[in-house]
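Have a look at the structure below, then the notes.
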Amino acid sequence: MNQKMAIEVENLSYSYSDGTRALNQVSFSLAEGESLAILGPNGAGKSTLLLHLNGLLRGQGKVRIRNKEIGDESLRWVRSQVGMVFQDPDDQLFMSRLEEDVAFGPTNMELSQKEVDERVQWALKCVGLSDQAAKVPHHLSFGQRKRAAFATVLSMRPPVLVLDEPTSNLDPRSRMEMVSLIREQQRNGTAIITATHDVNLVPLLADRVLLLNRSIVAEGSVHQIMSRRDLMDDLGLEMPILADLFETLQEEGLYSGAIPFKKGEAIGTIREMLHR
């Protein structure tokens with residue numbers, strides 16, 4: 001059975017008003033229920049690309065969301081389908097109470113008050129902020145505000161989530177809570193595209209990786225792309241720490257198996273090595 005496409009980008013190019021080329025002939029697709037991470041150096045066009053996925057920017061080329069091309073007539077529908085979470089949560093929190101921020105999207109979808117209330121309660125429960133509903137958003141901690149911004153998008157129940165650096169500036173526990181939130185939405189069938197600098201979280205966040213430096217440098221599974229030291233070095237990116245360790249062991253002739261990317265995989269591999 002053919003997979004249904006959530007996002008299709010075809011020959012997308014974009015230049016800023018000063019003539020700087022931000023994207024050059026970018027093409028890729030993302031199926032429903034898939035998770036894709038976008039990696040690249042600063043200035044690679046990651047955020048610019050994300051802003052095209054709900055029509056906040058419009059470049060040359062085509063962007064389709066669930067088989068419908070983004071255009072003037074489809075823009076309202078597209079924004080109901082694509083939930084975008086910005087890097088700075090304060091860009092999405094502007095009401096006097098958190099529950100009002102989370103209700104903003106569903107209210108503008110012209111849902112009944114009962115359904116709006118149900119969605120607000122559900123979204124706040126998803127992000128673990130049910131007990132903060134009446135709080136002033138800017139009185140929350142930074143990690144709570146990150147989750148609150150996520151809730152403002154979840155309440156609209158979009159089939160596509162677009163996340164810009166969702167774990168940036170979070171402490172280790174908050175990072176893992178955010179990863180769990182993201183993966184839970186994927187298990188529910190949501191297509192997710194994430195721009196991130198955190199190479200060590202990519203194996204936990206995504207199934208596929210796209211390396212971007214204005215144009216696409218490489219695309220493939222996490223294992224295919226992030227075990228390539230040459231590709232990562234060319235973009236000034238580090239390999240995930242576990243992949244770096246085991247590739248070094250391979251280079252020194254101490255290990256010849258597959259490179260693990262997750263803690264559990266690495267522990268199993270080390271145990272096997274010790275038993276030999």
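The values are calculated or read from the model by the stated rules, or taken from the named source; none is laboratory data. Predicted, not measured: the structure shown is a model, and the values here were computed from it. Quick reminder, even Gly has a Cβ in these numbers, built from the backbone with ideal geometry, and neighbours come from all protein chains shown. When the accessible area is computed, the model is the full protein with side chains, heavy atoms only, and any ligands, DNA or RNA have been set aside. Shrake-Rupley method; radii C 1.70, N 1.55, O 1.52, S 1.80 Å.
Among the trypsin sites (Lys or Arg not before Pro) found in segment 1-73, those both in a DSSP coil and sparsely packed, with 13 or fewer other Cβ atoms within 10 Å of their Cβ, are LYS4. Per residue, the solvent-accessible area of the chain (1.4 Å probe, heavy atoms of protein chains only, all protein chains present) comes to 50 Å². Loop sites here are GluC sites (Glu not before Pro) outside DSSP states H, G, I, E and B with no more than 11 other Cβ atoms within 10 Å. The longest part of the chain free of them is 111-251. As a calculated quantity, the FRET efficiency between GLU115 and GLN60 at R0 = 25 Å, using C-beta atoms, amounts to about 0.05. Report summary: the helix-based calculation at 222 nm, which adds -39500 (n - 2.57) for every DSSP H run with n ≥ 4 and divides by the residues of the chain, gives -11500 deg cm²/dmol.
Expressed to the nearest 5 percent, the antiparallel share of DSSP beta bridges inside segment 3-238 is 55 percent. Set the Förster radius R0 to 25 Å, insert the Cβ-Cβ distance between GLU69 and VAL217 as r into 1/(1 + (r/R0)^6), and round the FRET efficiency to 0.05. It comes out at approximately 0.45.
Label zone of THR107 (point 7 Å out along Cα→Cβ, amide N under 19 Å): in segment 127-149 this covers 130, 132-139, 148-149. Any idea what angle helix 113-126 forms with the longest principal axis of the chain, computed on alpha-carbon atoms, 0 to 90 degrees, nearest 10? Tilt of helix 113-126: around 20 degrees. In sequence order, segment 182-187 has phi-based couplings of 5, 5, 4, 5, 5, 4 Hz under the Karplus curve 6.51 cos²θ - 1.76 cosθ + 1.60, θ = phi - 60°, and Gly or Pro positions carry x. Couplings 3J(HN,Hα) for segment 201-215, derived from phi with the Karplus relation 6.51 cos²θ - 1.76 cosθ + 1.60 (θ = phi - 60°), are 8, 4, x, 8, 8, 9, 9, 10, 10, 10, 8, 10, 9, 6, 10 Hz, where x marks Gly and Pro.
Paramagnetic label reach from HIS138 (point 7 Å along Cα→Cβ; backbone nitrogen cut-off under 17 Å): within segment 87-101, residues 88-101. Relative to the dominant Cα principal axis of the chain, helix 263-275 is inclined by about 20°.
With the simple model of a label 7 Å out from the Cα in the direction of the Cβ, ARG173 to ASN42 spans 3.1 nm. Per the Debye formula on identical point scatterers at the alpha carbon atoms of the chain, with no solvent, log10 I(q)/I(0) at q = 0.09, 0.10, 0.11, 0.17 Å⁻¹ is -0.46, -0.56, -0.67, -1.36.
Across segment 105-112, rounded Karplus estimates of 3J(HN,Hα) from the backbone phi angles (6.51 cos²θ - 1.76 cosθ + 1.60, θ = phi - 60°) give x, x, 4, 6, 8, 6, 7, 5 Hz, Gly and Pro being marked x. Taking MET95, MET178 and ordering them by how much accessible surface each has at a 1.4 Å probe, largest first, produces MET95, MET178.
With R₀ fixed at 22 Å, the C-beta to C-beta distance from SER130 to SER180 puts the FRET efficiency at about 0.85.
Against the chain, whose longest principal axis comes from its Cα atoms, helix 142-154 is set at around 70 degrees.
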